[in-house]
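First comes the structure, then the notes that go with it.
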Amino acid sequence: MTGYTEDMRKNFKLMKTVSDLTKKNICDKMNDLSKFVRTITESKEVKKLSEKYPINFDTKPQIINVKLIDPGYILMKDNYNHQNKFISLKEDNLERQAQTTMFTTVKFQENDGWMVIFYENFRSRIGIFYNTIKKVSEQLGCYLPKPTEIILREPNCKLNPDKAPEEVFIELEKKVKNMINQCRNINFRYSLFIMKGANKKGFMYKDIKGFFLGQIGMVSQCILESTICKSNLYSILAKLIHEINAKLNYQPWIVQDIGLQDKMTMFFSYYSVGNIIVGISSADRYYTQYFNSYQYIQGSGEFQKKLKLLFYDLLSKFMAQHNRAPQRVLVLRDANVNQKQMNDEIFCLKETLESCPKRHYLMETKICYVHCSSKHNLKIIGERGKEIKQGTVVDEVAVSEGKFEFYLISQKCKEGIPMATKYTVIYDDSSIRTIDFYSTILKMCFLYYNRLGGVKLPAPLRNCKEYATLLHERIKFRGKPEIHDFLKNSTGLYYI
């Protein structure tokens, strides 16, 4: 389509030059757009239409006063005295600043272990990988023991990123199960598969993860050989260990003063894909660990029934963990649903609170239902081309009249215009203070452990989508999700 070859795409200087030539700065774009609108308004046809119909064209962009919310700090530990270390989320070099001891770290006991799986041709590189990951893990306070190796033969066929060849699975399953049987004295807590010929959107990646989650009941991570061979291996492995920590139910970092502490709040998010509805709910006061559950939808009229079961299951887990009911359930919903569907879902959630066997504990529980959307037409541009800062909130002029609605920019953008996420509070009987709500939503965008920094959607929504995608791909490829009971009852983010 573009005419670029792979070699041209890999040439950073060439692509940077092309980008400089083809991309205009924001001021030029705004001037061109204003000229275009003036050209339209001056045409005879448009003038006739304007006389007939009440149409007005703004030749200049609308100026809006915005609010700026401070995202605050993440908390990790100092490498030397292990006291709390506060790292500002405004840092430009956040990844380097956060290469420090994690807030809580996985502790491998004497009989704990982990395994590394790789192909024969990677044997020459594995020593560099081990030395680097040992240095990184020690700096981050996560002391990984020496791993157990499983070496696979080179596949006879060319690997297809959309489907793992059966011979790979047969050998993988055989060798992993044999290793577990041979090393009965080792409790394998984690596996790392160094892959080739795959990508994170392909079935091969999802299916190998599904194999460990379903048949083995082990937290896993897949990484490409090409990724490990990059020059910035130290930074790559730092991110990898952050993910390992989160998957094993520990906290790489937490966000200071997350908000909504006036009432005990449970975050609840759900997502439907195919014939399955999945949900997660927060399990701790830092909103870093989550219960998970899913339900099959058999027919078109079963969604509301399954939503009730899903909500009740997660609510029960929350109450068992905390020995009390939440005072507020904050529902985050990200889907293309209309007002009637949202009203029906709110009715289902309220009915679940009123009709469940433990309803006498839930008398004071209130619901706040928020619809989140990153698909909208609003473009927020800084005056005179100034950068739009992370934490910018628009809650006037561009929002719907009579609704509690706002736009929030929670991610940084090195080039171009950052896209805001639109939040609309559809229902709220929990009396959330506006400024607390803005701050909490922004800070939740920094708790997605696949990335250090703000993302477009809050962590519960991102985690729920990852969980839904994993289960859906397993159903498409294997016919059933196959999530091991050990992981179903875990609050770790094994699916990210």
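The values are calculated or read from the model by the stated rules, or taken from the named source; none is laboratory data. All values reported here derive from a predicted model rather than from experimental measurement. Heads up, the Cβs are rebuilt from the backbone with ideal geometry, glycines too, and the neighbour counts pull from every protein chain shown.
So here's what we get for this one:
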| item | result |
| --- | --- |
| Single residue of segment 438-463 satisfying the filter (more than 13 Å from I74 (Cα to Cα) and among the small types (G, A, S)) that is surrounded by the most Cβ atoms within 10 Å (Cβ to Cβ) | A459 |
| Filter result (surrounded by fewer than 20 Cβ atoms within 10 Å (Cβ to Cβ) and closer than 13 Å to Y449 by Cα) within segment 220-249 | K239, L240, E243, N249 |
| In segment 178-191, residue surrounded by the fewest Cβ atoms within 10 Å (Cβ to Cβ) [restricted to those that are in contact (Cβ under 8 Å) with a residue 24 or more places away in the chain and part of a helix (DSSP H, G or I)] | I180 |
| 3 or more residues in contact (Cβ under 8 Å) with a residue 60 or more places away in the chain: qualifying strands (runs of 3 or more DSSP E) within segment 203-318 | 265-273, 276-282, 290-296 |
| Test: E401 is loosely packed, with under 11 Cβ neighbours inside 10 Å and outside any strand (DSSP E or B) | yes |
| For G259: the one exception among (1) at pLDDT 90 or above; (2) touching a Ser or Thr at 6+ places or on another chain (Cβ under 7 Å) | (1) |
| Residues of segment 339-372 that turn out to be more than 24 Å from the chain's Cα centre (by Cα) and not in a helix (DSSP H, G or I), as a count | 8 |
| Members of segment 8-20 found to be closer than 18 Å to K414 by Cβ and exposed (fewer than 11 other Cβ atoms within 10 Å of the Cβ), listed by number | F12, K13, K16, S19, D20 |
